[in-house]
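The structure under discussion appears below in the form of structure tokens.
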Amino acid sequence: MLKKTAFATLLAAALPLSPAQAADYQVDAEGQHAFVQFKISHLGYSYILGDFTQFDGRFSYDPDAPEASSVSMTVDVDSLETHHAERNKHLLSADFLDAGEYPQATFESTGFDLEDDGEEGEMTGDLTIHGVTRSVTFDVDHIGGGDDPWGGYRQGFEAETTLDLADFDIDMSDFPEAMHSVDLYIVLEGIRQ
């Protein structure tokens, strides 16, 4: 019995983890292979582009059951960057994001509806910004997955949504209507754990 158990243990250790099984992934935020970006109208004439440079997250994904996928993200609000120091300061102030009072934004998924092709879908979850939590839906595309050059295995996804800032108690009433919403674009590349 001991020999059979030892053999089974050795066999399991020798077999590679199948890429097609459920796994948890750590978002590769340090390697700059993941990002959280936003776009908002500038007075209705152009756009302000920016991103949040500090964030952390995990997701689970099983190609055989993608509907069971889940995501958990935390973003440091004061890592906002629009490449204009005074604008950054203003956006982080109590007039808008109030990063001093609400230093983090979070997202916890609650469900994933998959399209017929198995590569696209809609992920719903609870997004907390400015101390307010709302259910939001992201359009999600699977970018791809596979081995990396360092012996790991990765999966990548992109997601986007549009948020009405008033839903998160961010008052834009003094600004043109075009500035009342913001587009979020997120790419997550994760390393299998």
How long are the three semi-axes of the equivalent ellipsoid of the chain, in whole Å, if each is the root of 5 times an eigenvalue of the C-alpha gyration tensor, listed from largest down?
39, 17, 15
Based only on other Cβ atoms within 10 Å, what is the fewest-to-most ordering of V132, V36?
V132, V36
Excluding Q37 itself, calculate the net charge of residues whose Cβ lies under 12 Å from the Cβ of Q37, where each Lys or Arg counts +1 and each Asp or Glu counts -1.
-4
Taking 0.36 nm per residue of sequence separation and subtracting the Cα-Cα distance, how much length would be gained by fully extending the chain between D183 and S93, in nm to one decimal?
30.4 nm
Can you give me the angle between helix 2-14 and the longest principal axis of the chain, using Cα atoms only, in degrees from 0 to 90, rounded to the nearest 10?
40 degrees
Relative to the present Cα-Cα distance, how much length would full extension add between H84 and Q26 at 0.36 nm per residue of separation?
17.8 nm
Could you put I40, I143 in order, starting from the residue whose Cβ has the fewest other Cβ atoms within 10 Å?
I143, I40
Percent RCO, i.e. relative contact order, over the chain, from Cα pairs under 8 Å lying at least 6 residues apart
22 percent
May I ask for the distance between the Cα centers of the stretch 125-189 and the stretch 75-124, given as a whole number of Å?
6 Å
Which value, in debye to the nearest 20, describes the size of the charge dipole of the chain about its Cα centre when Lys and Arg Cβ atoms bear +1, Asp and Glu Cβ atoms bear -1, and nothing else is charged?
1060 debye
Where does each of 103-111, 174-182 land if you order them by average Cβ count within 10 Å, highest first?
103-111, 174-182
Contour minus Cα-Cα distance for T124 and S72 (0.36 nm per residue):
17.5 nm
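No value in this document is a laboratory result; all are computed from the given coordinates. If you're wondering where the values come from, they're calculated on a predicted model, not measured in any experiment. Cβ coordinates were reconstructed from backbone atoms using ideal geometry, including for glycine residues, and neighbour counts include every protein chain displayed.
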